[in-house]
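Data first, discussion second: the structure below is written as structure tokens.
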Amino acid sequence: MALELSMEHEVGHEAEPAAAFAESSERLLISKLRRKDPAAFEALVKQHQDRVYDFCMRMLSDREEAFDVTQEIFVSIHQHLESFRQDAKISTWIFRISRNHCLNRLKYLKRRGRGRSDEYGETSEQAINESVGAPTMPDESLDAARARALVHKAIARLDEDQRVLVVLRDIEGLSYDEIVEITELAEGTVKSRLHRAREKLAVILGDLEAEAVKKGE
């Protein structure tokens, strides 16, 4: 017991300087961004581009659309750096911009009569290999990739507002405070809507699994 307490104390003691360093580094980056430092913006893009693309992919379920919207998001970020509140987390601000762009693109696609491509429903060998890399245990990796594809396909069938909450909370792991800031909803509203979204997601997953069984997948 004494050893465990000692280890916990050391981890906590080390975590505080690490968190302080991360916060200090972000403040420095923000300061450079507001001065229009090109190197700082390049660093921002490198730090966040993969996460932004993943978010767009889960929202739009189309690789080309996700790529185009990701580019638009960073253009918008560059154009509106002055509006960023320095008391906020920059990642939260980026997610708010990303959410707005994705919802606007979904509305545009609906007006154009273009549905989602449902790419996450495709579990081709190439998609599975891209998802799991070079598996050491092929059977387990294959099952895991198919499960992930099924979850992504189910998320794509949620309403847009429900999809945002599920992706932000359950995929990206954001706190309720961050989601409140991104969506501008009350915390109680976020929690109740997320609960309903998870219930609906469970039903969709059940239907998809039943479909897969019938097809012998």
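The values are calculated or read from the model by the stated rules, or taken from the named source; none is laboratory data. In this text, all values refer to a predicted model and were calculated from it rather than measured experimentally. Cβ sites come from the backbone with ideal geometry, for glycine too, and all protein chains shown count toward neighbours.
In this structure, L165 does not qualify as assigned to a loop (DSSP other than H, G, I, E, B), out of contact with any Gly (no Cβ under 9 Å at 6 or more places or on another chain), in contact (Cβ under 8 Å) with a residue 24 or more places away in the chain and surrounded by 12 or more Cβ atoms within 10 Å (Cβ to Cβ).
So, G188, is that one outside any helix (DSSP H, G or I) and either loosely packed, with under 13 Cβ neighbours inside 10 Å or modelled with pLDDT of 80 or more (or both) or not? No: the conditions fail for G188.
One residue alone among E209, E181 is in contact (Cβ under 8 Å) with a residue 12 or more places away in the chain, assigned to a helix (DSSP H, G or I), crowded, with 18+ Cβ neighbours inside 10 Å and not polar (S, T, N, Q), and that residue is E181. For the stretch 64-109, filtering for residues that are surrounded by 14 or more Cβ atoms within 10 Å (Cβ to Cβ) and outside any helix (DSSP H, G or I) leaves 2. All told, R198 meets the bar of being charged (D, E, K, R), at negative phi and surrounded by fewer than 19 Cβ atoms within 10 Å (Cβ to Cβ).
Selection within the stretch 49-63: residues that are of a type in the set (D, E) and in a helix (DSSP H, G or I). The member of this set that is nearest to the chain's Cα centre (by Cα) is D54. In the set (1) within 24 Å of I171 (Cα to Cα); (2) charged (D, E, K, R); (3) surrounded by 10 or more Cβ atoms within 10 Å (Cβ to Cβ); (4) at pLDDT 80 or above, K46 fails one condition alone, (3).
Among the residues of the stretch 153-171, is there at least one that is polar (S, T, N, Q) and under 25 Å from N104 (Cβ atoms)? Looking through the stretch 153-171, at least one residue is polar (S, T, N, Q) and under 25 Å from N104 (Cβ atoms). Residue check: is E209 in contact with a helix residue (DSSP H, G or I) (Cβ under 9 Å, 6 or more places away or on another chain) and at pLDDT below 95? So E209 passes the test.
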